[in-house]
Every structure is written in C-alpha cells, then in structure tokens.
Amino acid sequence: MTTALVTGATSGIGHAFCRELAERGNNLVLVARHRARLENVSDELRARHSIKVEILAADLSKRTQLRRVADRVADRDRPIDLLVNNAGFTTRKSFLKGDLAEEEAMLDVLCRAVLVLSHAGALSMKERGRGHIINVSSVAGFLPTSTYGAAKGWVTAFTETLAHELAGSGVSATALCPGFTHTEFHERADLDMSRLPKAMWLEADGLVRDCLDDVRAGKVISVPGVQYKMIAGAAQIVPNGLLRAVSGRVNSLRRPKR
Ligand SMILES: NC(=O)c1ccc[n+]([C@@H]2O[C@H](COP(=O)([O-])OP(=O)(O)OC[C@H]3O[C@@H](n4cnc5c(N)ncnc54)[C@H](OP(=O)(O)O)[C@@H]3O)[C@@H](O)[C@H]2O)c1
C-alpha cells in the first residue's frame with residue numbers, strides 16, 4: 001500500500017484521482033482550502049475503502065500554507081509515493097480586463113505551488129529510489145489562448161524538464177493535459193460554456209484512469225481523448241500565426257456569464 005497526496009482533492013479531477021486511488025488501495029493525503037469539504041471527501045472515502053485518509057487545509061497561493069504542504073510531502077517518516085499537483089482555477093476575464101491580483105494568485109497556484117511541491121516530492125522520492133509525480137496541466141498549454149494557457153504551458157515544459165532530470169532515478173514525472181472537462185472549474189470562474197460542442201467535453205473519471213495507465217507506461221505527457229490528442233499533435237506542426245488565429249477562436253467559446 002502506498003500513499004498519494006492530491007491537491008485540489010475536493011472537486012472535479014482531483015476528487016476523481018482520490019476515488020480511483022482509494023479504489024486501488026492507496027492511502028491518501030487530501031489538500032484544498034475548505035476544511036468542511038475535505039472532511040466530507042475523507043468520510044466518503046473511508047466509508048467505502050479500508051484506507052487511511054489525512055486532510056490538510058491549505059491555500060496554495062499563500063507561501064506559509066504552501067510551505068506546510070511541502071513539509072508534509074518531504075516528511076521522511078511518512079513518505080508520499082505519488083504526488084498529484086492538481087489544484088487550479090482560471091480567471092474570469094482576459095489579462096487586460098481583469099484583476100492583476102487574481103492573475104498573480106492564479107500563477108502562484110498553477111505554477112509556484114507545482115514548483116515547490118515537485119521540488120519537495122522529487123528530492124524525497126529520489127532518496128528512496130521510487131515515486132511518481134503527476135502535474136495536472138492542460139491542452140491549453142499547447143495553444144496561445146490566455147494567461148491561464150501560458151501558465152499551463154509552463155507546467156508542461158517544467159514537467160518535461162523534471163522528467164529528464166529524474167531519468168534513471170526510479171522516480172517519474174508526467175504532465176496530464178486534459179481538454180474541457182465536466183467539473184466545477186468553469187462554474188467557479190463564472191464562464192458560459194454553452195457554445196462548446198458536446199464532443200469536446202471529457203469526464204474526469206475516464207481521464208484519470210487513462211492518466212494512471214500512461215504513468216504506468218512511463219509517458220511524460222498524457223493527453224486524454226482522441227480529439228485532444230489530435231489538437232496537441234497539430235499544435236506541434238502548424239505555423240504559429242495559424243495556431244494563434246485558431247486559439248483565439250477556441251478561446252471565444254468560453255465567455256464570462258456577465
Ligand atoms: N475542467 C477543465 O476543463 C480542465 C481542463 C484542463 C485542465 N484542468 C486543470 O485541472 C485541475 C483541476 O481542475 P478541476 O477542473 O477539477 O476544477 P475544480 O472542480 O474547480 O476543482 C478545483 C480544486 O482545486 C482546489 N483549489 C482551488 N484553488 C485552490 C487554492 N488556492 N489552494 C488549494 N486548493 C485550491 C479546490 O478546492 P477549494 O476551493 O476548497 O480550495 C478544488 O478542490 C486544474 O489544475 C485545472 O487547471 C481543468
């Protein structure tokens with residue numbers, strides 16, 4: 001039995017990781033901001049599975065709270081075998097129309113928290129010669145769509161760098177790059193997604209299972225769904241000008257509700 005720490009464990013993709021990992025018999029450390037929701041998920045998982053569940057309430061945009069989570073990841077007496085850096089959100093408005101403080105908080109959660117927790121996890125896993133890190137990025141990271149996409153581009157490139165540095169150590173790093181997925185993500189950002197074609201939606205449970213298969217297969221980048229594999233592949237070969245034009249069109253499918 002191993003222990004996984006999942007950030008953003010109370011909803012959407014993170015919650016799906018917790019359900020699947022619990023089903024496979026892993027102990028869990030759940031991280032998110034709201035303690036009541038963490039307690040609900042913990043109760044739900046412990047009622048269904050014979051596993052240990054710890055909760056850690058932390059806002060990953062705050063340096064001192066992030067440090068507490070990093071200390072838990074690095075704890076040699078209670079090793080973390082799988083780290084899932086999943087917590088995230090997007091801003092409602094575009095860069096120039098929005099609030100700079102919100103942009104900075106997004107960057108802190110999407111990038112700085114991933115950097116700090118990956119550092120803590122990779123060092124302690126490397127010492128033990130085993131472990132996995134999954135950084136939840138996005139297919140938006142392949143496209144010049146928004147500051148959110150730019151941050152996810154960093155997550156993917158960072159994970160590739162980390163995987164390269166960890167090669168041969170027994171520790172792996174994988175960037176999970178989903179497309180639009182049914183979770184609370186768009187509702188939280190108050191985005192109207194009604195114009196997005198049904199075929200573009202993914203379900204969290206399926207993409208988590210595919211990702212865990214990809215981790216087992218040693219893949220550094222995991223792109224769930226045929227439609228998004230094609231988009232990610234095309235983004236590598238089409239000229240930048242065309243990519244910017246298409247990305248602008250895709251981005252216009254998500255609009256603030258008001
Ligand atoms: N849904 C999509 O279409 C989609 C597509 C590609 C990639 N992704 C990525 O997938 C990941 C998970 O998103 P999701 O779609 O599952 O969203 P979600 O349903 O809104 O869940 C987000 C989770 O992150 C936690 N969280 C948010 N801000 C946090 C903070 N400052 N500190 C700690 N925890 C925080 C939330 O809990 P609290 O509110 O209690 O903190 C919640 O558990 C994100 O990195 C997102 O960028 C999503």
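The values are calculated or read from the model by the stated rules, or taken from the named source; none is laboratory data. Since this is a predicted model, take the numbers as computed values, not measurements. Note: ideal-geometry Cβ built from the backbone for every residue, glycine included; neighbour counts use all protein chains shown. SASA here: full protein model, heavy atoms, side chains in, ligands and nucleic acids out. Shrake-Rupley method; radii C 1.70, N 1.55, O 1.52, S 1.80 Å.
Below are the figures for this structure:
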item	result
Pairs, first under 14 Å from Arg35 (Cα atoms) in the range 52-73, second among the acidic types (Asp, Glu), C-beta under 6 Å, six or more apart	Gln65/Asp59
Boolean, Glu39 is within 13 Å of the ligand (Cβ to nearest atom), assigned to a helix (DSSP H, G or I) and acidic (Asp, Glu)	yes
Helices (runs of 4 or more DSSP H) within the range 170-258 that include 2 or more residues at pLDDT below 95	226-237, 240-251
Residue within the range 149-163 that is in a helix (DSSP H, G or I), among the small types (Gly, Ala, Ser), away from the ligand (no atom under 13 Å from the Cβ) and open to solvent by 10 Å² or more (accessible area, probe 1.4 Å) present	yes
Qualifying residue in the range 192-210 (condition: surrounded by 17 or more Cβ atoms within 10 Å (Cβ to Cβ) and over 25 Å from His132 (Cα atoms))	yes
Sole exception among (1) surrounded by 23 or more Cβ atoms within 10 Å (Cβ to Cβ); (2) out of contact with any Lys or Arg (no Cβ under 6 Å at 6 or more places or on another chain); (3) free of Cβ contacts under 8 Å to residues at least 40 places away in the same chain for Ala140, by number	(2)
Residue list for the range 16-36, filter: of a type outside the set (Asp, Glu), over 13 Å from Gly88 (Cα atoms) and open to solvent by 10 Å² or more (accessible area, probe 1.4 Å)	Arg19, Arg24, Gly25, Asn26, Asn27, His34, Arg35, Ala36
Residue identified as away from the ligand (no atom under 16 Å from the Cβ) and among the small types (Gly, Ala, Ser) among Ser172, Ser146	Ser172
Test: residue in the range 73-92 that is away from the ligand (no atom under 13 Å from the Cβ), in a helix (DSSP H, G or I), out of contact with any Ser or Thr (no Cβ under 9 Å at 6 or more places or on another chain) and closer than 29 Å to Glu127 by Cβ	no
Hey, Lys93 open to solvent by 20 Å² or more (accessible area, probe 1.4 Å) and more than 27 Å from Asp75 (Cα to Cα) or not	yes
